[in-house]
Amino acid sequence: MADFDQELDASGLNCPLPILRAKKTLNGMESGKILHIIATDPGSVKDFEAFANQTGNELMESKEVGGKFEFLIKKV
Amino acid sequence: MSDEKKLAIIATKGSLDWAYPPFILASTAAALGYETEIFFTFYGLQLLKKNLDLEVTPLGNPGMPMPMGMDKWFPVLGLALPGMQGMMTGMMKKKMASKGIADLAELRELCQEAEVKLIACQMTVDLFEMNTTEFIDGIEYAGAARFFEFAGQSDICLYI
């Protein structure tokens, strides 16, 4: 997995909290910085795709690691 | 007027289960960049109380999943027994917490942080003689025309 600037562990949280926490964290980051998110909600896979599509933030990577879902999002 | 997308919601229900859709959708929409307003009317005004003491009822709700096969033990009338609503509410809250479902007050706070506008129906406040000191801060009191001012320009409009 590529380098990242900040990390958010949203494990155990259900919809829509992973998205809301991610948005909040991104708000405090500079453009071009990368956020690494860990989630356990299976719905978050489609949700982060949709989040990126609608907000312009880039979903660089989305993968499952040992039953958890990991995402890399670059702030627009 | 901005070119942001807009979501307008009317929240009319005041039970624990029905409190979620307006706040989940509004907070998510705000995170996606929507300008969002919720108009609370009739029983929906319960969702604006500082003390969110909401309950869920299995009565008149055949679609509600019952824990531990309770639907087999209790005939429909049994669900009207005293204490049943409190018990169902307790079970629902426990289940929600165990599944990492957001706490309602937290979700509402996230909405306010994200500048979702919360509007209380003034007519309902007068009708039920509600005490506005029981409501959270930062809400607006207005009528139907105020709702349409925003809803008329909205991209999505939901009645919940």
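Bear in mind these aren't lab numbers, they're just calculated from the coordinates by the rules spelled out. Since the model is a prediction, treat every value here as computed from it, not as a measurement. Here Cβ is always computed from backbone atoms with ideal geometry, including for glycine, and neighbour counts include all displayed protein chains.
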Original post:
Is one or more of the residues making up segment B:80-96 over 21 Å from the mean Cα position of the chain (by Cα) and assigned to a helix (DSSP H, G or I)?
Top reply: yes
Subject >> Residues of segment B:90-144 that turn out to be in contact with a Leu (Cβ under 6 Å, 6 or more places away or on another chain) and among the polar types (S, T, N, Q), as a count >> reply: 1
Subject >> Sole residue being among the small types (Gly, Ala, Ser), farther than 20 Å from B:Ala114 by Cα, free of Cβ contacts under 8 Å to residues at least 40 places away in the same chain and touching a Gly at 6+ places or on another chain (Cβ under 7 Å), chosen from B:Gly100, B:Gly69, B:Gly14 >> reply: B:Gly100
**OP:** Would you be able to say whether some residue in segment A:21-29 is within 13 Å of chain B (Cβ to nearest Cβ) and part of a strand (DSSP E or B)?
**Re:** no
**OP:** Evaluate segment B:117-127: report whether one residue or more is under 14 Å from B:Ala30 (Cβ atoms), among the charged types (D, E, K, R), free of Cβ contacts under 8 Å to residues at least 12 places away in the same chain and surrounded by 12 or more Cβ atoms within 10 Å (Cβ to Cβ).
**Re:** no
**OP:** With the condition kept exactly as written, say whether any residue in segment B:60-67 is part of a loop (DSSP other than H, G, I, E, B), closer than 18 Å to B:Ile160 by Cα and aliphatic (A, V, I, L, M).
**Re:** yes
Original post:
Taking segment B:104-156 only, how many residues are within 27 Å of A:Cys15 (Cβ to Cβ), acidic (Asp, Glu) and touching a strand residue (DSSP E or B) at 6+ places or on another chain (Cβ under 7 Å)?
Top reply: 1
Original post:
Does B:Pro82 meet the test of being away from every other protein chain (no Cβ under 14 Å) and more than 28 Å from B:Phe128 (Cα to Cα)?
Top reply: no
Subject >> Conditions (1) of a type outside the set (S, T, N, Q); (2) in a loop (DSSP other than H, G, I, E, B); (3) surrounded by fewer than 16 Cβ atoms within 10 Å (Cβ to Cβ); (4) within 11 Å of another protein chain (Cβ to nearest Cβ); number of the one not met by A:Gly32 >> reply: (4)
